[in-house]
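The values are calculated or read from the model by the stated rules, or taken from the named source; none is laboratory data. Note that this is a predicted model, so its numbers are computed, not measured. FYI the Cβ positions are ideal-geometry reconstructions off the backbone, even for glycines, and counts take in every protein chain you see.
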Amino acid sequence: MMHFLPIGEADEIGANCFYLNIFGTGILLDCGIHPRKKGHDSLPNFSLLDQFPLDFVLISHAHQDHIGSLPFLVQRFPHVIIYSTNQTKEIAEAALHNAVNILAQNSVNENDFRIYSHEEIEFLVRSIRGINYNETISLKGMRHSGSSEINITFKDAGHILGSAGILLEHSDRKIFFTGDINFSNQSIMIGCDLKGIRNIDVLIIETTYGATDSKLIGTWSSETERLIKWANKIINQGGSILIPVFALGKTQEILSLLYRQMAMRKLTETNIFTGGVGREISDIYDRSRYLVRRNNKELLLKEIPQQNIFEIEDLSYFRKNPSIVLASSGMILEGTTSFKLLNYWMQQKSFAVFGVGYMDDSTPGYRLMNSKTGAKIKLTEFSEPKKINCTLERFFFPSHSIREDLLQIVKYVNPRKVVLVHGDLNAKDWLGQKILEFYPHIKVASAVNEKMMVL
Ligand SMILES: [Zn+2]
Ligand SMILES: [Zn+2]
């Protein structure tokens with residue numbers, strides 16, 4: 001028997017964490033933390049696991065919504081064996097150390113919520129077993145009752161460095177979990193590799209852009225042209241540009257895009273600012289450039305001229321020196337660098353904020369990007385309304401598949417059953433309905449949090 005139980009969020013992009021029981025072997029797919037919740041509420045409901053065997057954790061990639069609660073899981077279940085790609089293991093170290101600092105800043109007083117230490121991260125990361133893409137490993141839990149072992153294989157998901165879709169095979173049954181998956185190329189990443197993933201039993205697929213009309217998203221090349229046009233305009237009028245980005249993935253993609261456009265003399269040469277954990281992660285991109293599928297293997301991100309945003313104390317610097325600032329968080333969450341800079345940016349008429357990635361509709365980034373220059377805006381529920389003087393421009397440089405590509409993935413993989421995850425209800429509805437319309441032989445189920453499903 002195979003059982004599937006979501007224990008984090010199933011109807012939004014939150015704490016991704018899915019329990020699979022394959023003939024007595026317990027496997028967690030991802031172990032994320034909710035980026036906008038605090039304390040105990042931000043974690044998956046680990047107590048549900050007390051009644052089941054848990055042997056292994058497989059991590060698809062190192063974004064917080066997929067790995068952030070791993071240290072909390074290990075506090076509770078120290079015996080679990082963790083697998084990820086080698087690159088995800090490397091990024092996990094930087095990402096989890098950074099997350100401790102953020103957790104400590106936003107700490108809440110709860111009895112059963114103990115923030116882990118940097119030493120615990122060291123120990124945890126050392127214990128992660130890094131494997132190569134396309135390498136197959138056999139697993140068997142303590143209470144495994146199946147006739148054969150479970151084979152797992154990580155396939156390149158094309159989302160960020162190290163990202164993987166995970167194939168699980170047990171006798172003649174196959175399950176494929178996409179993690180976050182991108183079908184098309186970005187500036188550095190190449191679209192996903194699905195070789196060998198065909199005619200499977202169950203496809204567990206993300207639906208991030210399921211509710212988003214792809215006409216709004218455009219393509220990397222058309223969006224690049226538009227971004228360059230706007231950037232030149234702002235720089236030539238003496239303004240600076242803030243681009244809120246995730247430290248992991250979008251920072252590296254946009255940095256490489258800007259550099260290439262400057263090298264081709266399409267973008268006016270100007271100062272680029274980066275900082276913090278984004279830089280550490282860029283080093284990992286550099287170190288692993290020959291080990292993974294990617295564009296521009298020769299490009300070293302650390303050799304791109306860039307200044308450190310944390311060395312600028314007086315923000316009026318940006319009035320005198322037109323600059324492009326890449327600052328996290330990508331959704332401009334309260335307390336982050338992009339949020340702090342935004343307060344200054346909003347006051348400046350000649351400045352601009354460019355949105356480039358996914359923004360959840362409950363975040364300050366979403367509120368800002370859905371507002372207008374000249375309007376007053378409350379960035380958070382409790383903040384004072386403030387006037388937006390700067391230019392706002394929304395771009396889409398997707399690192400997730402657009403919805404037509406999600407449908408292409410379903411068609412190619414041709415599963416017996418699809419389980420929809422990692423998207424809101426509208427996103428899951430769109431994909432679910434299209435699958436039923438075009439591929440009526442495929443069964444569709446939407447994952448429901450804390451509800452067990454037989455696969
Ligand atoms: Zn991701
Ligand atoms: Zn995600």
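Summary table
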{"item": "Selection within the range 17-49 - within 22 Å of H79 (Cβ to Cβ) and polar (S, T, N, Q)", "result": "N21, T25, N45, S47"}
{"item": "Pick from the range 70-90, criterion surrounded by 22 or more Cβ atoms within 10 Å (Cβ to Cβ) and touching a residue at least 60 places away in the same chain (Cβ under 8 Å), ranking: farthest from ligand 1 (Cβ to nearest atom)", "result": "E90"}
{"item": "Index of the failed condition, L420 passing every other in (1) within 16 Å of ligand 1 (Cβ to nearest atom); (2) among the aliphatic types (A, V, I, L, M); (3) within 18 Å of L20 (Cα to Cα)", "result": "(1)"}
{"item": "Filter pass, G32 being buried (at least 23 other Cβ atoms within 10 Å of the Cβ), in contact with a His (Cβ under 6 Å, 6 or more places away or on another chain), assigned by TED's automatic domain parsing to the domain that holds L167 and not hydroxyl-bearing (S, T, Y)", "result": "yes"}
{"item": "Conditions (1) in contact (Cβ under 8 Å) with a residue 40 or more places away in the chain; (2) acidic (D, E); (3) not in a loop (DSSP other than H, G, I, E, B): number failed by E93", "result": "(1)"}
{"item": "Residue within the range 21-29 that is within 13 Å of ligand 2 (Cβ to nearest atom) and either in a strand (DSSP E or B) or over 21 Å from K140 (Cβ atoms) (or both) present", "result": "yes"}
{"item": "Selected residue (only one of A211, A231, A247 is within 27 Å of H66 (Cα to Cα), in contact with a Ser or Thr (Cβ under 9 Å, 6 or more places away or on another chain) and of a type outside the set (K, R))", "result": "A247"}
{"item": "Test: residue in the range 37-54 that is of a type in the set (K, R), over 17 Å from L248 (Cα atoms) and within 16 Å of ligand 2 (Cβ to nearest atom)", "result": "yes"}
{"item": "Criterion violated by D429 - all others in (1) closer than 22 Å to E9 by Cβ; (2) more than 21 Å from the chain's Cα centre (by Cα); (3) surrounded by fewer than 16 Cβ atoms within 10 Å (Cβ to Cβ) satisfied", "result": "(3)"}
{"item": "Lone qualifier among I190, I175 - being outside the structural domain of V356 (by TED's automatic domain parsing) and under 17 Å from R294 (Cβ atoms)", "result": "I190"}
{"item": "Within the range 99-167, strands (runs of 3 or more DSSP E) holding 1 or more residues that are of a type in the set (S, T, N, Q), at pLDDT 95 or above and in the same structural domain as T85 (by TED's automatic domain parsing)", "result": "136-139, 150-156"}
{"item": "Listing of helices (runs of 4 or more DSSP H) fully contained in the range 241-331 that carry 3 or more residues being closer than 20 Å to A62 by Cα and not acidic (D, E)", "result": "250-263, 277-287"}
{"item": "Candidates V292, V356, filtered to the one that is in contact with a Gly (Cβ under 9 Å, 6 or more places away or on another chain) and farther than 28 Å from K387 by Cβ", "result": "V292"}
{"item": "Sole residue being surrounded by fewer than 20 Cβ atoms within 10 Å (Cβ to Cβ), in contact with a Phe, Trp or Tyr (Cβ under 7 Å, 6 or more places away or on another chain) and modelled with pLDDT of 95 or more, chosen from L315, L326", "result": "L315"}
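So that you can scan it fast, the table gives a plain yes or no per residue for (1) of a type outside the set (A, V, I, L, M, F, W, C); (2) under 27 Å from the mean Cα position of the chain (by Cα):
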{"site": "K349", "(1), (2)": "yes, no"}
{"site": "G355", "(1), (2)": "yes, yes"}
{"site": "N370", "(1), (2)": "yes, yes"}
{"site": "T380", "(1), (2)": "yes, yes"}
{"site": "S383", "(1), (2)": "yes, no"}
{"site": "P398", "(1), (2)": "yes, yes"}
{"site": "F438", "(1), (2)": "no, no"}
{"site": "A447", "(1), (2)": "no, yes"}
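Yes/no per residue for (1) at pLDDT below 95; (2) over 24 Å from D424 (Cβ atoms):
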| site | (1), (2) |
| --- | --- |
| I7 | no, no |
| K37 | yes, no |
| A62 | no, no |
| S69 | no, no |
| S84 | no, yes |
